[in-house]
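Q: Submitted below is the structure of interest, expressed as structure tokens.
Derivation of every value follows stated rules applied to the coordinates shown; laboratory data play no part. Everything quoted here is computed from the prediction, not taken from an experiment. FYI the Cβ positions are ideal-geometry reconstructions off the backbone, even for glycines, and counts take in every protein chain you see.
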Amino acid sequence: MTGRDYLGEFEHIIVLALLRLEDRAYGVTVRQEIEFRTHREVSIGAVYATLNRLETKGFVKSHCGDPTPERGGRSKRFFRVTAKGVSAVNRTQRALHSMTEGLDLVRSYS
Amino acid sequence: MTSQPQIVQPPRIAVRLVNLFSSDEEAETIEGDLLEEYTHLASKRGASFARRWYWRQTAKTIAHLAGTAYRTAPWSTTAAIAGGFLLRRLAARFVEPAIFAVIDRYQIFEHHFSTYRFLASTGIDIGHILVFLFVGCIVALGVKGREMVATMTLGLIFGAMAVIAVLVMVSRTGDDAFAWRLTWYFADSFAMVIGGAIVRARRSAATTRPSIA
């Protein structure tokens, strides 16, 4: 197993957002979902840079939707997580859980 | 009859900047996403809030797109930057001889002294700007999809070198007049970025895209 099998912090957040959004996941909804849940302002460029990287690794797949008038006739690019992506999330979650297990983070380090 | 959503136009310069830094495939989706949120924000929170949001998103998006463009092909981008650096050094040697060749050929010194004075001072500076523009175009031609990153990096390198050189000159001579040269040096760097933007815009225009309402 290599470092490439795990997700980076923002990759992890993006994949979880895609899983939450299911078939409604595209740039705007992904960005808003992350802002809503993490309270951190995210740029659309950061979202696409990470999504493109995840697609290259085979963790997500994308397809273009139909052009819509509220987007000035531009189409949406929808994303979904692949089976390989789900495995990567699980692996990353297990690794994080394993690393934090037994630690009392609030009492020891606050 | 269904009502069409009111589309408010986002800042044009910001749209152009995002377009310059994104690949042709990315540009449509990114612009569409930004426009969708901008229209929503403008109707909900007002046009000035939406404009500020759009500019903030543009600045952050450009930084990410530039970083990604460099990371996808670091070696070829670095090679293009190094090549551009050497080409500029080579081409810059011909500016003064070329201008003085024109002055001699048409005997400008004898017949039009004010023109001679202009060519021998400002003319040389303009010649250097044209060399930087040319080098920017050549570098951009060599790095498809990363035109802006390569030319901006090169522009920053030359800009930084100019600042250091001027600081050294001012500290050695104590003559503040050297600092004024910086406006020309920054214009050179800017011309290089413009060269990159020209090539990028032409490539974008050549790529067929679905119509934009």
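Q: Could you give each residue of region B:153-169 its phi-based ³J(HN,Hα) in whole Hz, using Karplus coefficients 6.51, -1.76, 1.60 with θ = phi - 60°, and x for Gly or Pro?
A: 4, 4, x, 5, 4, 5, x, 5, 4, 5, 4, 4, 4, 5, 4, 4, 4
Q: Go through region B:26-33 residue by residue and turn each phi into a ³J(HN,Hα) via Karplus (6.51, -1.76, 1.60, θ = phi - 60°); whole Hz please, and just put x for glycine and proline.
A: With coefficients 6.51, -1.76 and 1.60, one gets 6, 3, 5, 5, 5, 4, x, 4 Hz.
Q: Helix A:27-38: angle to the longest alpha-carbon principal axis of chain A, degrees 0 to 90, nearest 10?
A: 30 degrees
Q: Further question on the same structure: Show the residues, 5+ positions off or on another chain, whose built amide H is closer than 5 Å to the amide H of B:ALA73.
A: none
Q: Which translational diffusion coefficient, to the nearest whole µm²/s, is obtained for chain A from the Stokes-Einstein equation, given a Kirkwood hydrodynamic radius over C-alpha pairs, 37 °C and 0.692 mPa s?
A: 216 µm²/s
Q: Can you tell which of B:GLU36, B:GLU110, B:GLU26 shows the greatest fluctuation in a Gaussian network model of chain B with Cα springs below 10 Å?
A: B:GLU110
Q: Now for a separate question. Using only C-alpha atoms and all pairs of different ones, pull out the Kirkwood radius for chain B in Å with one decimal.
A: It works out to 20.0 Å.
Q: Amide H of A:GLY65 versus every other amide H placed in the peptide plane: which residues, excluding those fewer than 5 positions away on the same chain, fall under 5 Å?
A: Result for A:GLY65 returns A:LYS76, A:ARG77, A:PHE78.
Q: Amide H to amide H, which residues 5 or more places from B:LYS144 or on other chains are under 5 Å from it, using H placed in the peptide plane?
A: none
Q: Once the mean 1/r over all distinct Cα pairs of the protein assembly as shown is inverted, what Kirkwood radius in angstroms do you read off?
A: Answer for the protein assembly as shown: a Kirkwood hydrodynamic radius of 23.2 Å.
Q: Continuing with the same structure: As a check on your grasp of the helix formula, calculate [θ] at 222 nm for the protein assembly as shown: sum -39500 (n - 2.57) over DSSP H runs of n ≥ 4, divide by the residue count, round to the nearest 500.
A: Rounded to the nearest 500, it is -24000 deg cm²/dmol.
Q: Same structure again: How large, in Å, is region B:12-71 by the Kirkwood hydrodynamic radius built from its alpha-carbon pairs?
A: Computed over region B:12-71, the radius equals 11.8 Å.
Q: Determine the distance separating the Cα centre of region A:1-51 from the Cα centre of region B:51-109; give it in Å without decimals.
A: Answer, in whole Å: 35.
Q: What longest region of chain A stays clear of GluC sites (Glu not before Pro) that DSSP places outside H, G, I, E and B and that have at most 14 other Cβ atoms within 10 Å?
A: The answer is A:42-100.
Q: Does anyone have the angle between helix B:74-92 and the longest principal axis of chain B? Alpha-carbon axes, 0 to 90°, nearest 10?
A: Rounded to the nearest ten degrees, it is 30.
Q: Separate question: Give the calculated FRET efficiency between A:LYS61 and B:THR207 to the nearest 0.05, with a Förster radius of 22 Å applied to their Cβ-Cβ distance.
A: Given R0 = 22 Å and the Cβ-Cβ separation, E is 0.40.
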